[in-house]
1. At a temperature of 37 °C and a viscosity of 0.692 mPa s, determine how fast the range A:1-152 diffuses translationally according to Stokes-Einstein, using the Kirkwood radius over alpha-carbon pairs as Rh; express D in µm²/s, rounded to the nearest whole number.
2. When you look at the Cβ of every residue in A:401-408, what mean number of other chain Cβ atoms sits within 10 Å?
3. Would you please give the FRET efficiency between B:Ser229 and B:Asp179, computed as 1/(1 + (r/R0)^6) with r the Cβ-Cβ distance and R0 = 41 Å, to the nearest 0.05?
4. Work out the charge dipole of the protein assembly as shown with +1 on the Cβ of Lys and Arg and -1 on the Cβ of Asp and Glu about the Cα centre, then indicate which of A:Ala131, A:Gln403, B:Met200 is farthest towards its positive end.
5. Which whole-number percent is the relative contact order of the range B:2-249 (Cα, under 8 Å, 6+ apart)?
6. Extending each Cα 7 Å along its Cβ direction at B:Ser118 and A:Ile423, get the distance between those two points in nm, one decimal.
7. Listed here are the pairs B:Lys7/B:Lys232; B:Lys7/B:Lys65; B:Lys10/B:Lys80; B:Lys80/B:Lys141; A:Lys56/A:Lys341; which of them are more than 18 Å apart at the Cα?
8. Averaged across B:206-217, how many Cβ atoms of other chains sit within 10 Å of each residue's Cβ atom?
Amino acid sequence: MNVAVAKTGKGRAVSDLFTSAEGRLPGSSGVTAVRREAFETYERLGLPHRRIEEWKYTDLRALVGEVLPLAAAPDAAALKRAAEAVKAHAISGARKLVLVDGAFVADLSDVKALAAEAGFRTLRETLDKDAGLLKTATVDAMIALNAAMATDGVVLSIADGAQLSAPIQIIHIATAASASAFSRSKVTIGKGARATIVETFVAAGAAAYQINDAVLVSVGDGADVAHIRLMDDAPDAVNVSSQFVTIGANVKYNFFNMTTGAAVSRLQGFITLAGEGSELSANGVNLLQKTEHGDTTLVVDHAVPNCVSREVFRAVIDDRAHSVFQGRIIVRPDAQKTDGKMMTRALLLSDEAEADNKPELEIFADDVSCGHGATAGALDDSLLFYLKARGLPEKQAQALLIQAFVGEAIEQIADDGLREHVIGIAERWLERRQ
Amino acid sequence: MALLEVKDLKVRVEEREILHGLTLTVNEGEIHAIMGPNGSGKSTLSHVIAGKPGYEVTDGQILFKGEDLLEMSPDERAAKGVFLAFQYPVEIPGVATMNFLRTALNAQRKARGEDEYSTPDFLKKVREVSKSLNIPQDMLKRGVNVGFSGGEKKRNEVLQMALFEPSLCILDEMDSGLDIDALRIAADGVNALRSPKRSMVVITHYQRLLNYIVPDVVHVMSKGRVVKSGGKELALELEASGYAQFEDAA
Ligand SMILES: Nc1ncnc2c1ncn2[C@@H]1O[C@H](COP(=O)(O)OP(=O)(O)OP(=O)(O)O)[C@@H](O)[C@H]1O
Ligand SMILES: [Mg+2]
């Protein structure tokens, strides 16, 4: 990338970002046309800033400034570091699919074991057949940029009726410092299938990297899905993740996200309940310290009648960190008997910690039960004193109460091994406070 | 030898003086009872000894084993052997009792430079103690005090006392809210902990508790001071005549 050009102005630098990468982006001419169009959308909109309503609390122009150049394909040293990271962050028993700096690495993945249970291709292999992979109903600047720049991803399809015994874990590993990785994946879950999908974001020695990931999920009727996301990035990283989930009828969908790293992170989820009788449970946990900024934005769209959605968002905010939760529940005119609730609970561990909470209900049907609530506060002094009077030092007493607070969300993860894994990540976050 | 020496202690809460120069000495192995009307400052004294924030000590001192207790954080006091059984034990949802007991016990041992308990040793000890106090094992799986009855909460306090083996136990109205059987079980638990090395301060309104836990010394507190001290017969006297005679003295 031409650094001199990058400094002359953001407009020039931005198109340079694309032209310098274009040769490495997979897809033939049809795909290239879609990418170019997406990139034009991004150029027109620019990095989101506070005057864009959806990005009001997460001004990427102020927080991030610029998009870093595309990471080079990982070399042998990078892959070695990645292999170590896989060992450290793999869930025992899970089928792993590993992306290093946005490139799928078969050697680190369990492709063979997975083949017996699910269809698998990389994005790179699939794009020419399905350019629709780059298209989504909702488009914002970061989603458009993802479509333009996505280098790879996983395309998974779980057959009707398949009962997956082990979780599938998609592990994103950053090894390249001061570079961006763009990935896009698609997960199709068949009718009546049961599956646990985990996405993990971690670094292997990389600093100041940027992630822009997108996942398209479609869930067939009667499926039972646990979708767990663990954003455990390096402290100076940026991670913008977009999720598009379309849910069929009579589905149970348990969505869980925990953010325990990154200087700036944003998870934006667009979940559409498109079939009747489905239940969506979405739990978010932000554990933030130092000057970290973590944003969870969820749009739950009740497009049909008789669905239940429950969103509970918890944040533990230390130092001068800033947590954002934006939750919108849309109830379409036909979506009678919708039962949609969201709740935000913030635990502020310092006077300078900040929590922003924006719940929105857009209700166009008349026979519904919807609502939202919020609580925010410090740890309870009387509980802290009880623990201290029994010998626990201040930080350890706080840690027990924070664990209890976060534990209420983690408890909802049904798989024992996975739950223990998530508890471990939360505990490591707590240790970083000591 | 004096274990606890409270000397001319003056304490304020929110600009109001509650203890007006309180003096109390508890020797090793002794059991002291503190009685006194509502609002006389008994719980305040116990909180200040345990190190609860929100109290301003404006004068006087508290020595524990000769050391300045007021200089120590609450957890340091606990590790040194101060234990306060609360009048109103709090409920802590999401913190399993077993996990709490182990964490607290090991934190105290670590602070004293002792080895942490191994899991089997710890479990054995908890099982022994909880059995003697009639505490079912499944209660220990629940959150600390969550959904416990009044009596169960008090028994859980005695359980911790037995587990932590403190040298000073302050029992703030451990008899309140207990039925006669529960009182006897809790009192038996306390009596089992009597030892020449361990002192107790029993705060109560009722002589009945002192039938079970027989004190060496009885103090009467009124309006933030100890106004009279005597033997165990003083409690009987109070039961008969009430506190009116001390109101003027205070
Ligand atoms: N946090 C507080 N803020 C204001 N006043 C307080 C506070 N804590 C105690 N007090 C006051 O201090 C006085 C002594 O209270 P304390 O609880 O020590 O009495 P007590 O002797 O334990 O009474 P009881 O027998 O009812 O338990 C009371 O007048 C009470 O209202
Ligand atoms: Mg009291």
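1. Numbers: Rh = 17.5 Å.
Rounded to a whole number, D works out at 188 µm²/s.
2. On the way: counts 4, 1, 3, 9, 2, 1, 4, 2.
Mean shielding by partner chains, rounded to a whole number: 3.
3. Details: r = 31 Å, r/R0 = 0.76.
The pair B:Ser229/B:Asp179 has a calculated efficiency of 0.85.
4. My answer, from the dipole projection, is A:Ala131.
5. Values: 448 pairs, mean separation 71.5, N = 248.
Value for the range B:2-249: 29 percent.
6. Those two pseudo-labels are separated by 2.3 nm.
7. Values: B:Lys7/B:Lys232 23 Å; B:Lys7/B:Lys65 14 Å; B:Lys10/B:Lys80 23 Å; B:Lys80/B:Lys141 28 Å; A:Lys56/A:Lys341 23 Å.
With Cα atoms farther than 18 Å apart: B:Lys7/B:Lys232; B:Lys10/B:Lys80; B:Lys80/B:Lys141; A:Lys56/A:Lys341.
8. On the way: counts 0, 0, 0, 0, 0, 0, 0, 0, 0, 0, 0, 0.
Mean shielding by partner chains, rounded to a whole number: 0.
No lab work stands behind these numbers, since they all come straight from the coordinates. As the structure is a computational prediction, the values presented were derived from the model and not from experiment. Quick reminder, even Gly has a Cβ in these numbers, built from the backbone with ideal geometry, and neighbours come from all protein chains shown.
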